[in-house]
Amino acid sequence: MSQDVYEVNLFIDGSEVRPSTGEYQSRYDPGDNSRLIGRVADGSKDVGAAIDAARDAFDRNKGSWVSDHRLRARVLMKAAEIIRERAEELARMESLFAGKTIRTSRLGDIPRTIEMLEYYAGMADKVLGHSQILRTGDLSVLVRQPIGVVAAITPWNFPLLILARQTAPALAVGCTVVAKPASYTPATALELAKILAKAGAPAGVFNVVTGKGEAIGSQLLRSGKVDVVNFTGETSTGKWIMQNASASLKRVVLELGGKNPNIVFDDADLETAANGVTYGAFANNGESCAAGSRLLVHRDVKEKFVRMVAERISRIRVGYQLRDESDLGPLVSQSHMEKVLEYIGAAESEGLKIVAGGRRVYGGDFSKGNYVQPTLIDDTPQSSRLFKEEIFGPVLTVTEFGSEEEAVELANATVYGLAAGVWSRDSSKAVRVAERVKAGCVWINTYYTLPVEHPWGGFKESGLGRNNSVLAIEHYLEWKGLYLDAQPGKMKPYYRLVLGD
Ligand code: NAD
């Protein structure tokens, strides 16, 4: 167990700085709430300085950041290389603060962060426009320019990865950034800022302000110097962001909540599906927008399939996040654990059948942390809160269906539309269902496979816009039309409307 206490400062205009407030917020280990692991700067008085640094770097093309696409590609590649060298250290920091298991950080968060940086490094010099010779012979050229300053507001469940996902495409096309990481998990954001600076990013290109969500967020949103807000977090916060961004008509990208269905048909390969469904529900402690938290299963195989999933759940080892053998770590905070336990309590009050788990994990060191058993709840009706609301923890509900039509109806019966899974050996049925499910990503016979090339974002109240893939750079670019006269000097017939004959 690491004994480090991290001091998480701000990063403004190329340097790590202490907050003007002089205040720090304490952060405790999710696996042991009595152990201090971090002191996090309250940057609420430094937001303006961070925005000014980013604005200045962009407007004055500091270090040729905006104009030199090769420089940007080199910086992103170099940053990826540094992260690769420091992978184990960063994985431990991420897991310590977030409560995610160390194997999740090692196999998921860190390599996927590297992938983000390398992928968008490759796009830095491939931002193309359009051109057309008009019938007059004049030339219309559409160029794409970086939009300016991007505010990235990120959640605690994939702290470094989501920050990289939101900012690598912005940096690749020449924007500058003010990042506001989640208060629980800010340490790797500061590290990313230092890594980018070491990799050659000019001062002001990447700034980090830590502190409370609304205090920092409202300043970023109110500022006329910020052009885009890319937010990942709860749907309710996303709505607040959108309302507040409207004052200056900022462009808004929103990656919000999910209540994702995993639809298992009776003709599915049940062994494979049971593995995918269990993984999809409990990966990252179930604290994932992409969690397949609703199992919809065909009536004819339901009993058998629920037994198969329950058996897999019984093998999940709950444990301290930095232990190699842990499959499920502590939840991020005590209050979040209480929220998850309240949902399980609601299931009990609704008379639902808890097939596996259903309790906080107590005893020995477990009592000090935010551990919840992986939980499976059977026969969850559409009317239940557990069917409709995002729990964001290790809780999987089961609902049966009798027909393809009913499966689609149940899948679409929440306000969310982020992701879904369809399991069937009949590929035309699987594609038919995938087409009708309202979700930004539908996995067929797999779950939670999300390489950078694949777009990510939601339908309905799961968000606006797409991160990942070639689509992500669109948010950070403005189109500009350049018009070139092929016959300069001549009097145009329409000039005569004003100038006369
Ligand atoms: P959250 O909405 O509480 O916080 C997200 C970020 O917003 C944090 O940095 C927080 O400090 C900040 N914030 C909070 N209130 C704010 C305000 N009024 N103004 C500006 N910023 C504010 O979300 P969370 O608890 O950190 O993360 C969990 C949520 O994120 C879940 O709903 C999950 O589904 C969602 N999420 C979505 C995706 C996706 O890709 N769609 C990915 C990860 C998480």
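Let me know the Kirkwood hydrodynamic radius for the stretch 261-444, please, with Cα pairs as the basis and the value in Å to one decimal.
Taking every pair of different Cα atoms in the stretch 261-444, averaging 1/r and inverting gives 16.5 Å.
Counting only protein heavy atoms and a 1.4 Å probe, tell me what percentage of the stretch 72-174's accessible area is made up of carbon and sulfur.
56 percent
Cβ under 15 Å from residue 444's Cβ, residue 444 left aside: what net charge do those residues give with Lys, Arg +1 and Asp, Glu -1?
-1
If every alpha-carbon in the stretch 297-372 counts as one equal scatterer, what log10 I(q)/I(0) does Debye give at q = 0.12 1/Å?
For the stretch 297-372, the Cα-only Debye profile gives -0.42.
Please compare each pair in 45/198; 212/368; 198/239; 100/388 to a cut-off of 28 Å on the Cα-Cα distance and tell me which ones are over it.
198/239
Which residue, 450, 346, 431, has the largest displacement toward the positive end of the dipole of the stretch 313-454 when charges sit on each Cβ (Lys, Arg +1; Asp, Glu -1)?
Farthest towards the positive pole: 450.
Find out how many positive minus negative residues lie around residue 422, taking Lys and Arg as positive, Asp and Glu as negative, among other residues whose Cβ is under 15 Å from that of residue 422.
Within the 15 Å Cβ shell, the charges total -3.
Using a simple charge model, +1 on the beta-carbon of Lys and Arg, -1 on the beta-carbon of Asp and Glu, nothing else, what dipole does the stretch 261-444 show about its Cα centre, in debye to the nearest 20?
For the stretch 261-444, the charge dipole is close to 340 debye.
For a protection proxy built on the mean count of beta-carbon atoms within 10 angstrom, sort 404-416, 488-500 highest first, please.
The densest-packed peptide leads the list: 404-416, 488-500.
Over the Cα atoms of the chain, each weighted equally, I'd like the Debye log10 I(q)/I(0) at q = 0.10, 0.12, 0.13 Å⁻¹, rounded to two decimals.
-0.78, -1.06, -1.21
Tell me, what is the 1.4 Å probe accessible area of residue 304, in Å² to the nearest 10?
Rounded to the nearest 10, that gives 110 Å².
What number comes out for accessible area per residue over the stretch 261-444 if the probe is 1.4 Å? Units Å², please.
Heavy-atom SASA per residue in the stretch 261-444 reads 38 Å².
For the chain, what does -39500 (n - 2.57) per DSSP helix run (n ≥ 4), summed and divided by total residues, give at 222 nm, in deg cm²/dmol to the nearest 500?
After summing the helix terms and dividing by the residues of the chain, the value is -10500 deg cm²/dmol.
Would you kindly calculate the translational diffusion coefficient of the stretch 342-416, applying Stokes-Einstein with the Kirkwood radius from alpha carbon pairs, for 37 °C and a viscosity of 0.692 mPa s, and quote it in µm² s⁻¹ without decimals?
Approximately 242 µm²/s, per Stokes-Einstein.
With every atom except the alpha carbons ignored, what do you get for Rg and Dmax of the stretch 382-435, in angstroms?
Rg then Dmax for the stretch 382-435, in Å: 12.2, 33.
More than 17 Å apart: what percent of Cα pairs in the stretch 135-207 qualify?
The share of Cα pairs beyond 17 Å in the stretch 135-207 comes to 47 percent.
At a Förster distance of 60 Å, what's the computed FRET efficiency of residue 323 paired with residue 132, Cβ-Cβ distance as r, to 0.05?
Here the calculated transfer efficiency is 0.50.
Where the accessible area of the stretch 288-366 is counted over protein heavy atoms with a 1.4 Å probe, how much of it, in %, is carbon and sulfur?
After summing per-atom areas, the C and S share lands at 46 percent.
Quick check for you: with a 1.4 Å probe and neighbouring chains kept, what is the accessible area per residue of the stretch 73-187, in Å²?
Computed with neighbouring chains in place, this is 33 Å² per residue.
Any idea what the dipole of the chain comes to, in debye rounded to 20, about its Cα centre with Lys/Arg Cβ at +1 and Asp/Glu Cβ at -1?
Approximately 1160 debye in magnitude.
Stokes-Einstein D for the stretch 37-175 at 37 °C, 0.692 mPa s, Kirkwood Rh over Cα pairs, in µm²/s?
191 µm²/s
Could you let me know the centre-to-centre spacing of the stretch 69-89 and the stretch 126-189, using Cα atoms, in angstrom?
17 Å
At 1.4 Å probe size, with the rest of the protein present, what percent of the exposed accessible area of the stretch 434-490 is carbon and sulfur atoms?
Solvent-exposed carbon and sulfur of the stretch 434-490 make up 58 percent of the total.
So how tilted is helix 87-98 from the main axis of the chain? Cα-based, degrees 0 to 90, rounded to 10.
Long axis of 87-98 versus the principal axis of the chain: about 70 degrees.
Compare the peptides 308-320, 49-61 by average per-residue count of other Cβ atoms within 10 angstrom and give them in order, highest first.
Peptide ranking by packing, descending: 49-61, 308-320.
So, counting K/R as plus one and D/E as minus one, what does the shell of residues with Cβ under 14 Å around residue 313 add up to?
Around residue 313, the surrounding residues sum to +2.
Mind checking the angle between helix 235-245 and the chain's longest principal axis? C-alpha axes, 0 to 90 degrees, to the nearest 10.
Tilt of helix 235-245: around 20 degrees.
To the nearest 10 Å², what's residue 454's accessible area with a 1.4 Å probe?
Counting only protein heavy atoms, residue 454 exposes about 70 Å² to solvent.
May I ask you to list the residues of the stretch 411-435 whose amide nitrogen lies under 18 Å from a point 7 Å from Cα along the Cα→beta-carbon direction of residue 267?
422-435
Angle, helix 187-198 long axis vs. longest principal axis of the chain, Cα atoms, 0 to 90°, nearest 10?
For 187-198 against the chain, the angle is about 30 degrees.
Provide the descending list of Cα extents for the stretch 80-119 along its principal axes, expressed in whole angstroms.
Answer, in whole Å and largest first: 27, 15, 13 Å.
The values are calculated or read from the model by the stated rules, or taken from the named source; none is laboratory data. From a predicted model like this one, the values you see are computed outputs, not experimental measurements. Methodologically, a virtual Cβ is constructed for each residue, glycine included, from the backbone with ideal geometry; neighbour enumeration extends over all protein chains shown. In case anyone asks, the SASA skips ligands and DNA or RNA and just uses the protein heavy atoms, side chains included. Shrake-Rupley method; radii C 1.70, N 1.55, O 1.52, S 1.80 Å.
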